[in-house]
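Heads up: the structure comes next, in C-alpha cells.
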Amino acid sequence: MASRTDTFDNLTSLNPAEMLEALQAHPFLSPYALALYCESRGLFCSSPSPSPLLGMSGQSVLCDELCRTSHENILAQAINRNEPMVYRCKTGLLNFIVPFKLSRSQTCCLLGGGVRDSQLNTPSIEVLAREKNLNGLSLIEELERLPTSTEEELRAIAEKTAAIIPALQSGNLYALAFERTMLRLNAIIGLVPELDRAASAEQVLHLVGEALAVLFDLSRAAVVLPTGADKRPMLCCLGQWLSEPAALNDEQLALLLRPAAARRYVLEDEDALKRLPGVKGERVFCQPLSAEGRFLGTLALFDVELAQRDLLLVELLASRAALRLLRLEKEREQALEAAIAAQIIEMIGDLSLLDRREALFARILDLSAELLRASKGSLMILDEDGEHLYIEASKGMNPELARSMKVRVGSGIAGRVVSSGHPLLVNDIEKDERVRSTNRPRFRTKSFISVPLKVRGEIFAVLNLSDKENQATFDEPDLRMLCSFAPHFSALIERTESLERAAALEELSVTDPLTGLYNRRFLERRLEEEISRSLRQELSLTLIMVDLDNFKHYNDLCGHLGGDKALKRTARLLRHSAREMDIVTRFGGEEFCILLPATSKKESLLVAERIRHAIEKEIFPREKDLPLGKLTASMGIASFPADGNTPRALVNAADMALYRAKSEGRNRTILYDLHDRLSKVSTA
C-alpha cells in the first residue's frame, strides 16, 4: 500500500468531483453510492443514494446519530492502516472504505455503500424503527429494494477499487475529464437550438433543469426569478424536489439576487439559507442569469461541488438560458406594445365617434381603467371659477354619491395635481410624504394615479385611478402609459367641445328661441330634402299649417308675455301630439307648420285632428274672453305631389286650406282640393 503514495504526489490539485466521476464510470462501482473524504476538504458526495432512507456513502439516515461514532472510528482505522476495510452498520447495511494518498501529507478515503446483506435482521430493524418513530413495515420494504451483497463480495470490490486508483494518474484522469467535458459541451451546444425555440420561460427552465440533471447529475437546482402579477422574486425548483415556488424574504433575496455579481459565487453557512422554505442545505452555488447587460435572476445549485471546467459549462448553459429568457421578455414587451398600440388606435377611433362630453368622459375613464387594470376611478372637472373639482364620470362608486362630491383645488390628491400641474403616482398613501394620510375604507389598496388633462395649456380635468384588480401597486410604466394617453384624451375633449359649440350654434340658427321648435329656415331646407326623397322613393308627403284663432285678441287680453306663454304651451302640445317622425316648426307669429314624411293626406287628417282637439281642451288663462270662449286653432292640409310638387307650391296649398278654415268659422281642419275646391272636413 505504501508504494502507492508517490504515485499521487502530483495530484495535489485533484478535484473530488473529477475523481468520483472517474471511479463511478467503472461498471462494477455503479451500483454503489459513493463519497470522497479528504482531510483538508471534508466529505464530498456523488449521486444521491438509491433509497430515500439512505444518506450518502450508503449510510442510513436511521443511524446517522446512532452510528456516527463507530463510522468515525472505522474511518480513522482505515486511514491509519492505509488499507481497504469492510464494515456493517447497526441497520445491517454493508459499507467499504478505500484509503489513498493525495500527497505525502494528505490522505483521502473513498466511501461506498448502499447495499444490504441477503438476510435482513428484522427484529433489529423494528427496534430501530420504533426508536426513530418510523413505520417498521415500510422501512423493511424499502430496505428489501436495495441490492444485496456479502462481506466477501464487498471486500473484493474494495480491493479492486484500490487497485484501479493508482491507474488514475494525472494524464489518464484529465484525459477522461476532457472526454466528459467535450461530451457535455457538445450536448449543451446541441441544446442551444431547443432553448432558442422555447416558447415560454417554463420551457426554458425545464430544459435547463433536465440538462443539469442528465449532464451533471444535479437534482437540487432552482432559479430565483420574478414571477406572478406583482413580479415578486420566487424560488422555483428545476425538477421535483420542491413541491411549489417558495416566497423569499428580503434577507434571502439579498443573498441570492446580486445584480452586481458579474460571475458565480458560493454561499456557505448563511443563517438565512437555513430558513429557506422547503430547502435544507448549507452550501449554495449561485450563477447570475444575465444577458445583454441585464440581470434577470439567479441559478442556484444546492450542496454541490463541481470541477472548474464544469462550472464553465454551467455558466455557458445559464448564459444561453438567460439570453432566451431576455428575448422572451422582449417579445412579451413588444407584443404588449403592439397590443397597446392597436388598442390605442381602436380607442381613439371609438372616442372620435362620440360627440357629447358626458359620453366621452365616461368612455375615457372606462378605457383608462381597462388599460391599467384599475377597478375604481373618476374623471374630475374644474368648475368655471377654478376653485373646485367635481366628478363628471366615476367607476366603482355610486353615481349619486359621486355627483355630490367636491374637492377644493390644493387639497386631496386630485386638488394637488391641479395646483402642481404634474401627474402624481402614490404607492402607499399612508407612507408617501407628499400626501400622507389614512387610507379611506372604500379603497382596497393604498396606491393611486392622478393625471391632469389640459386644453390649450390649461388644466381643466384630472383623471384618477385606484385599486388594481390584482391589488398590486401602480408603477412607473403605468404612469408613463397614462401620461402618453393624456394628450390624446385632451385633444378629443377639445374636439368634442368644439363640436358641441358648433352644434349649439347650428341649433340656434335653425331653432326658434321662444318655443324651441325648428324655425322657418329649417323647414324650407328640410322640405326640399323630403320632397327629393319622396320623389325618388315614390312616397307621399303631407304638410299641416296650424294657426291659433283670435290670437291678436288674446295678446291684447294677456299682454305679450302672456301671449309668449301661450305660444310655448302650444309648441309643447304640438310636440306631444305629433308623431316621432313628424317635424314640428314655428312658421312665424302664431302660425306653426308640421311636416309629415311618408304620410298620405288621409293619414295626416288623424294627426291634425288629434292636435286640434288637444289645443281645444287645453286651458289657457283668460281664454273665456275670446269670441269662441276658447283658444283654438285652425288647420290646412296639403300633400305632395297631388297638391304641389315644389316646396313653395306645397306651402301655398296648405296656406290656402288654412285660410278657408279661418273663413268658415275657425277651429277646424280643411283639406286642399286638387281643383281649387276646398271641402269642409270638420267644424267645431
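Please treat every number below as a calculation from the coordinates, not as lab data. Just so it is clear, the model here is predicted, and its values are computed rather than measured. When we count neighbours, we look across all protein chains shown, and the Cβ atoms used for this are built from the backbone with ideal geometry, even at glycine.
Numbers for the structure displayed
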read-out	value
Pairwise label distance in nanometres, SER420 with TYR659, each label 7 Å out on the Cα-Cβ vector	7.6 nm
GLN471 versus LEU176: modelled label distance in nm, points set 7 Å from Cα along the beta carbon direction	5.7 nm
Packing-based exposure ordering (other Cβ within 10 Å, fewest first) of ILE583, ILE493, ILE611	ILE583, ILE493, ILE611
Förster-model FRET efficiency, 45 Å R0, GLU83 and LEU328, C-beta, rounded to 0.05	0.20
Virtual spin-label span in nm between ARG408 and THR148, 7 Å along Cα→Cβ	9.4 nm
Theoretical FRET efficiency, 1/(1+(r/R0)^6), r = Cβ-Cβ of ARG610 and ALA359, R0 41 Å, to 0.05	0.75
Theoretical FRET efficiency, 1/(1+(r/R0)^6), r = Cβ-Cβ of ASN73 and ALA213, R0 25 Å, to 0.05	0.10
Residues HIS422, HIS613 arranged by fewest to most Cβ contacts within 10 Å	HIS422, HIS613
Too-long pairs where the Cα-Cα distance tops 22 Å, listed order kept, from LYS406/LYS454; LYS330/LYS446; LYS376/LYS446	LYS330/LYS446
In range of the label at VAL266: residues from segment 302-327 whose backbone nitrogen is under 20 Å from the point 7 Å along Cα→Cβ	302-318
Relative contact order of segment 176-331, defined on C-alpha pairs under 8 angstrom at six or more residues apart (%)	23 percent
